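Enquirer: Take this structure, written in structure tokens, and hold onto it; I'll ask about it next.
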Amino acid sequence: MTSQTRSDSSMSTAGQRPPAAELVSSQGKTSIADSVVQKIAGIATREVSGVYKLGGGAARAFGSIRERIPGSSGPSVAQGVAVEVGEKQTAVDLDVVVEYGVSIPDLAQAIRRNVISSLERMTGLEVTEVNVSVDDIHLPDEDDSEQEPARVQ
């Protein structure tokens, strides 16, 4: 992740509050844990049609094993998501597996839009960057027994 940031004016639109407006005030400071930002980014990424799974090969393998352990919480929504969280800004790195046939540039842009929108709306943090790394492509004839439910775009 780079330390590159956007100006507040480019991150907010007319009628919306600027990011981080409510995190620090004269009445106190709100801190948001990295794990919260990871979960929001992971869920927002999975919502985008064309994303099959998150995580690199090793992370997916461990996640698959964890899912089979009785009493486990199932797959981690933060798998494949790395974040850097500051007081007012955050940056996100995502490792994704895409469905075959999907336009990767269009998918990456849709992921960025949804992640930025979700994080800024839910946390008030300014999202400085969302890096998308495509680690694999899911082919239609591969085992679909582990496929996640359909997503909305």
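Enquirer: Considering only residues that are part of a loop (DSSP other than H, G, I, E, B) and not aromatic (Phe, Trp, Tyr), which ones fall in the stretch 88-113?
Expert: Result: 88, 101, 102, 103.
Enquirer: State the number of residues belonging to the stretch 1-44 that are in a helix (DSSP H, G or I), at pLDDT 50 or above and of a type in the set (Asp, Glu).
Expert: Of the residues in the stretch 1-44, 1 are in a helix (DSSP H, G or I), at pLDDT 50 or above and of a type in the set (Asp, Glu).
Enquirer: Can I ask one more? So in the stretch 81-103, with the set limited to residues that are of a type in the set (Gly, Ala, Ser) and modelled with pLDDT of 95 or more, which one is farthest from residue 123 (Cα to Cα)?
Expert: 101
Enquirer: In this structure, is residue 72 modelled with pLDDT under 95 and exposed (fewer than 13 other Cβ atoms within 10 Å of the Cβ)?
Expert: yes
The values are calculated or read from the model by the stated rules, or taken from the named source; none is laboratory data. Quick caveat: nothing in here was measured; it's all calculated off a predicted structure. For neighbour counting, all protein chains shown are included, and Cβ atoms are generated from backbone atoms with ideal geometry for every residue, glycine included.
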